[in-house]
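Structure, as structure tokens:
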Amino acid sequence: SVGEFSICERILSINIIDTGNVKPKWKCEYTVYILEIETEITVNGIPTETRLYRSYKRYSELYIFNDILQGQNIQTTEFPPKHIAVKPSKTVVQNRKDTFQKYFNCLTSQCTTPDSKANKLLLQFLPEMSSTPSSPV
């Protein structure tokens with residue numbers, strides 16, 4: 001009917017742009033991976049704009065998300081192993097960053113439509129995304 005719109009969002013890319021250390025009061029310091037997510041917004045199937053978001057994730061959050069993906073039979077690449085250390089070394093953090101980038105490249109390659117299982121799970125996992133100014137397609 002006239003006036004109905006179908007608005008969808010599809011992830012185009014996820015890039016790990018940096019890492020950082022967080023030291024909350026009364027807790028141990030931990031590393032966060034800073035993700036930049038580019039999405040495409042479509043209205044009635046027509047691309048209208050792209051958006052850039054940032055999301056900050058700890059290794060433990062990514063580890064749990066990987067378990068969810070495995071349970072949904074989503075194909076992924078190697079997941080970085082856990083390390084028994086109070087604070088991972090710079091080498092471990094850099095190796096994880098590189099491995100996570102390959103991991104997210106594999107996932108975003110499966111986001112072929114807004115309805116794809118990988119796309120829906122990623123959009124649910126990255127809810128605290130903060131938008132930067134969007135640009136027309």
Just give me a number: lysine pairs in the chain, eight or more positions apart or cross-chain, with C-alpha atoms less than 24 Å apart.
29
Report the dimensions of the range 7-125 along its three principal axes from the alpha-carbon atoms, largest first, rounded to Å.
49, 29, 23
Return the long-range amide H neighbours of T48 (sequence gap of 5 or more, or a different chain), with a cut-off of under 5 Å between placed amide H atoms.
I41, T42, V43
In debye to the nearest 20, how big a dipole does the chain give about its Cα centre with +1 on each Lys and Arg Cβ and -1 on each Asp and Glu Cβ?
760 debye
As a test of the formula, what do you get for the chain when each DSSP H run with n ≥ 4 contributes -39,500 (n - 2.57) and the sum is divided by the residue count, at 222 nm and rounded to the nearest 500 deg cm²/dmol?
-9500 deg cm²/dmol
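If I take R0 = 25 Å and measure r between the Cβ atoms of Q94 and E36 in this structure, what FRET efficiency does the formula 1/(1 + (r/R0)^6) give, to the nearest 0.05?
After rounding, the FRET efficiency stands at 0.90.
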Heavy-atom accessible area of the range 7-125 with neighbours in place, 1.4 angstrom probe: carbon+sulfur share in percent works out to 52 percent
With θ set to phi - 60°, apply the Karplus curve 6.51 cos²θ - 1.76 cosθ + 1.60 along the range 49-64 and write out the HN-Hα couplings as whole Hz, x wherever there is a Gly or Pro.
6, 10, 10, 10, 10, 10, 9, 10, 10, 7, 4, 4, 5, 5, 4, 5
For Cα pairs less than 8 Å apart in space and 6+ apart in sequence, what is the mean separation divided by the residue count of the range 7-125, i.e. the relative contact order in percent?
28 percent
So with the 1.4 Å probe, I'd like the accessible area per residue for the chain, rounded to whole Å².
62 Å²
Run the simple label-point estimate for F125 and E4 please: 7 Å along Cα→C-beta, distance reported in nm.
3.3 nm
What is the sum of charges, Lys and Arg at +1 and Asp and Glu at -1, for the other residues whose Cβ falls under 15 Å from the Cβ of N73?
+1
Any idea which of V22, Y53, Y103 is furthest toward the positive side of the dipole for the range 7-125, if Lys and Arg beta-carbons carry +1 and Asp and Glu beta-carbons -1?
V22
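The values are calculated or read from the model by the stated rules, or taken from the named source; none is laboratory data. Since we're looking at a predicted model, the values are computed, not measured. All Cβ positions, even for glycine, are placed from backbone atoms using ideal geometry, and neighbour counts span all protein chains on display. To get the accessible areas, we keep the full protein, side chains included, count just its heavy atoms, and leave off ligands, DNA and RNA. Shrake-Rupley method; radii C 1.70, N 1.55, O 1.52, S 1.80 Å.
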